[in-house]
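J.: First, the structure itself, so that you have it in front of you.
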Amino acid sequence: MAKAGRLALFLAVTAVGAGAQAAAQTVAATPPMGWNSWNFFAGRVTDKDIRDTADLLVSTGMRDAGYVYVNIDDTWEGKRDAQGRIQSNEKFPDMKALADYVHSKGLKLGIYSSPGPQTCARFEGSLGHEEQDAQTYADWGIDYLKYDLCSYGGVMRQQAPDDPVAQNKLMREAYEKMHQAILKTGRPMVYSLCQYGDDSVWDWGPSVGANLWRTTGDISANFDRMSLIGRSQAGLAKFAGPGHWNDPDMLEVGNGRLTHDENVTHMTLWAMLAAPLIAGNNLTQMTPDVAAVLMNKDVIAIAQDVLGKQGDRVYAEGPVEIWAKPLKDGATAVAIFNFGETASEMRGIGLHLKEMGFGASVKARDVWAAKDLGTIKDDWKTTIPRHGVVLLVVKR
């Protein structure tokens, strides 16, 4: 090839790569919202379940509330063909047709894999097939990839025994490899790292192209586990922002035996954390109460605020904690949590407005009650139910 031809080819490839990177940076300008199959279906999920979920996201109003990603978790994977191309299994006979159906509903489709040889459920992983798999996902029309460490931990230990520094380097390289493979396809995909907060992932997640990264172990549908995970995010706010988010795992709103107040606390805490809102409940049996929690437009507006600031804790004493989240219009979301076992009155606590940059009084709105409170002072008092929360938006 002549020198001029090689230069033209180089410039063309560079332009494609730059365009892909720019697109990748815009797919998660605010924290992704959607639904994931694992919490309810686990390994039972099928093509029909995903189609039905797409229908329900539309009919319940969840799509219009912002829940646009329909994410298939583990157990969709089949074997590889003679060329090494991943196939879906008998539960998912035609992944391209499924993606087309989901897209026809105004939604987006997500998928799951691992950098290791196997997924957590011991299905086919992406090790050694990263570019093939990324291109297959692009050909199918996939919009979101959850990439779960799983068996790659064994690879790391085998290649670098008793050397955690080298193991962490291998982990970062594995996630970067899939990032580059996604960029090469030219198709924007949300890139979600699932490696449980190992190696302080918030420090390096953006450098490997991640749009979000798990900061903790798995959540479960009980108040103690949910609140422990949420509260552990204190101090991580500086690592989040448009295009890259801390991920304390999926929502359990509507699952298990969570009470109304516990569901409200869960939704509020994730909104304050600017966390991805990925529901995982049974949409066929969603009660009006659960629907109202998941689709409260004012709470979602706090979660999706375009300033992209994660909230942080400004006060804690005993079971009561106060968290604050700056908003684009100059207001601040203030959540007063009661993680205790009895109702709590705010005697002697105060709102701690000074720590948030306010004076002794503010104008306030109670978000869950949808009620303007007028001007309130720092010594404003209310009663917070057991495992409950009061969420305010305050302005000067």
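Here's the yes/no breakdown for (1) over 20 Å from residue 244 (Cα atoms); (2) among the acidic types (Asp, Glu); (3) in contact (Cβ under 8 Å) with a residue 12 or more places away in the chain:
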residue	(1), (2), (3)
300	no, no, yes
305	no, yes, yes
317	yes, yes, yes
332	yes, no, yes
337	yes, no, yes
347	yes, no, yes
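J.: Counting only residues that are out of contact with any strand residue (DSSP E or B) (no Cβ under 8 Å at 6 or more places or on another chain) and within 20 Å of residue 217 (Cβ to Cβ), which one in the range 258-284 is surrounded by the most Cβ atoms within 10 Å (Cβ to Cβ)?
T.: This residue is 266.
J.: Which count do you get for residues in the range 217-267 that are in a loop (DSSP other than H, G, I, E, B) and not acidic (Asp, Glu)? Quick ask: steps written out before the conclusion?
T.: Kept after step one, since they are in a loop (DSSP other than H, G, I, E, B), are these residues of the range 217-267: 217-222, 232-236, 240, 242-243, 248-259.
The next check asks that each one be not acidic (Asp, Glu); those that pass are 217, 219-222, 232-236, 240, 242-243, 248, 250-251, 253-259.
Counting residues in the range 217-267 that are in a loop (DSSP other than H, G, I, E, B) and not acidic (Asp, Glu) gives 23.
J.: Take the residues of the range 103-119 that are surrounded by fewer than 20 Cβ atoms within 10 Å (Cβ to Cβ) and not charged (D, E, K, R): which is nearest to residue 185 (Cα to Cα)?
T.: My answer is 103.
J.: I need the full set of residues from the range 239-288 which are free of Cβ contacts under 8 Å to residues at least 24 places away in the same chain and closer than 20 Å to residue 334 by Cα, in order please.
T.: Step one: filter the range 239-288 for residues free of Cβ contacts under 8 Å to residues at least 24 places away in the same chain, giving 285, 288.
Listed by number, the list is empty, since nothing qualifies.
J.: Out of all the residues in the range 49-98, which are part of a helix (DSSP H, G or I), among the hydrophobic types (A, V, I, L, M, F, W, C) and under 28 Å from residue 304 (Cβ atoms)?
T.: Quick first cut of the range 49-98, residues part of a helix (DSSP H, G or I) only: 49-59, 62-65, 95-98.
Still in the running and among the hydrophobic types (A, V, I, L, M, F, W, C): 50, 54, 56-58, 62, 65, 95, 97-98.
If the condition is that a residue be part of a helix (DSSP H, G or I), among the hydrophobic types (A, V, I, L, M, F, W, C) and under 28 Å from residue 304 (Cβ atoms), then 50, 54, 56, 57, 58, 62, 65, 98 are the ones that fit.
J.: Kindly provide the set of residues from the range 354-386 that are in a loop (DSSP other than H, G, I, E, B), touching a residue at least 40 places away in the same chain (Cβ under 8 Å) and either farther than 17 Å from residue 315 by Cα or hydrophobic (A, V, I, L, M, F, W, C) (or both), ordered by number.
T.: From the range 354-386, those in a loop (DSSP other than H, G, I, E, B) are 357-360, 367-370, 378-382, 385-386; that's our starting set.
The next check asks that each one be touching a residue at least 40 places away in the same chain (Cβ under 8 Å); those that pass are 367-368, 370, 382, 385-386.
Within the range 354-386, 367, 368, 370, 385, 386 qualify.
J.: Within the set of pairs 6 or more residues apart or between chains, which connect a residue that is farther than 14 Å from residue 53 by Cβ and assigned by TED's automatic domain parsing to the domain that holds residue 142 inside the range 92-110 to a residue that is at pLDDT 95 or above and of a type in the set (Gly, Ala, Ser) with Cβ atoms less than 6 Å apart?
T.: Final answer for the pair search is 95/88.
Quick grid of which residues meet (1) in contact with a strand residue (DSSP E or B) (Cβ under 7 Å, 6 or more places away or on another chain); (2) assigned by TED's automatic domain parsing to the domain that holds residue 379:
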| site | (1), (2) |
| --- | --- |
| 286 | no, no |
| 289 | no, no |
| 295 | no, no |
| 319 | yes, yes |
| 329 | no, yes |
| 338 | yes, yes |
| 344 | yes, yes |
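J.: Please go through the range 55-66 and pick out each residue that is under 22 Å from residue 189 (Cβ atoms) and either surrounded by fewer than 23 Cβ atoms within 10 Å (Cβ to Cβ) or out of contact with any helix residue (DSSP H, G or I) (no Cβ under 8 Å at 6 or more places or on another chain) (or both). I'd like the intermediate steps shown before the answer.
T.: Of the range 55-66, the ones under 22 Å from residue 189 (Cβ atoms) are 57, 62-63, 66.
63, 66, listed by residue number.
J.: How about the range 159-193: which of its residues are surrounded by fewer than 18 Cβ atoms within 10 Å (Cβ to Cβ), in contact (Cβ under 8 Å) with a residue 60 or more places away in the chain and over 14 Å from residue 130 (Cα atoms)?
T.: Result: 186, single match.
J.: Ok, one more. Would you say residue 156 is closer than 26 Å to residue 80 by Cα, in contact (Cβ under 8 Å) with a residue 40 or more places away in the chain and assigned to a helix (DSSP H, G or I)? If you could, list the steps in order and put the result at the bottom.
T.: Details: closer than 26 Å to residue 80 by Cα: yes; in contact (Cβ under 8 Å) with a residue 40 or more places away in the chain: no; assigned to a helix (DSSP H, G or I): yes.
Spelling it out, it is not the case that residue 156 is closer than 26 Å to residue 80 by Cα, in contact (Cβ under 8 Å) with a residue 40 or more places away in the chain and assigned to a helix (DSSP H, G or I).
J.: Checking the conditions here, which among 305, 329, 298 is in a helix (DSSP H, G or I) and surrounded by fewer than 22 Cβ atoms within 10 Å (Cβ to Cβ)?
T.: 298
J.: Looking at (1) crowded, with 16+ Cβ neighbours inside 10 Å; (2) at pLDDT 95 or above; (3) on the phi > 0 side of the Ramachandran plot, can you tell me which one residue 321 breaks?
T.: Residue 321 satisfies all of (1) crowded, with 16+ Cβ neighbours inside 10 Å; (2) at pLDDT 95 or above; (3) on the phi > 0 side of the Ramachandran plot except (3).
J.: Among the residues in the range 360-370, are any in contact with a helix residue (DSSP H, G or I) (Cβ under 7 Å, 6 or more places away or on another chain), under 27 Å from residue 224 (Cβ atoms) and not basic (Lys, Arg)?
T.: Yes; the residues of the range 360-370 include at least one that is in contact with a helix residue (DSSP H, G or I) (Cβ under 7 Å, 6 or more places away or on another chain), under 27 Å from residue 224 (Cβ atoms) and not basic (Lys, Arg).
J.: Name the single residue that is surrounded by the most Cβ atoms within 10 Å (Cβ to Cβ) among those in the range 223-257 being aromatic (Phe, Trp, Tyr) and within 17 Å of the chain's Cα centre (by Cα).
T.: Here is the first cut: in the range 223-257, the residues aromatic (Phe, Trp, Tyr) are 223, 239, 245.
Filter once more, keeping what is within 17 Å of the chain's Cα centre (by Cα): 239, 245.
Numbers: 239: 19, 245: 27.
Once the filter is applied, the top-ranked residue is 245.
J.: Residue check: is residue 79 in the same structural domain as residue 186 (by TED's automatic domain parsing), over 27 Å from residue 292 (Cα atoms), modelled with pLDDT of 95 or more and among the basic types (Lys, Arg)? Explain how you work it out, then say what you get.
T.: Working: in the same structural domain as residue 186 (by TED's automatic domain parsing): yes; over 27 Å from residue 292 (Cα atoms): yes; modelled with pLDDT of 95 or more: yes; among the basic types (Lys, Arg): yes.
Criteria met by residue 79.
The values are calculated or read from the model by the stated rules, or taken from the named source; none is laboratory data. Remember, predicted model here, so these are calculated numbers, not experimental data. Here the Cβ is made from the backbone with ideal geometry for all residues, glycine too, and neighbour counts use every protein chain on show.
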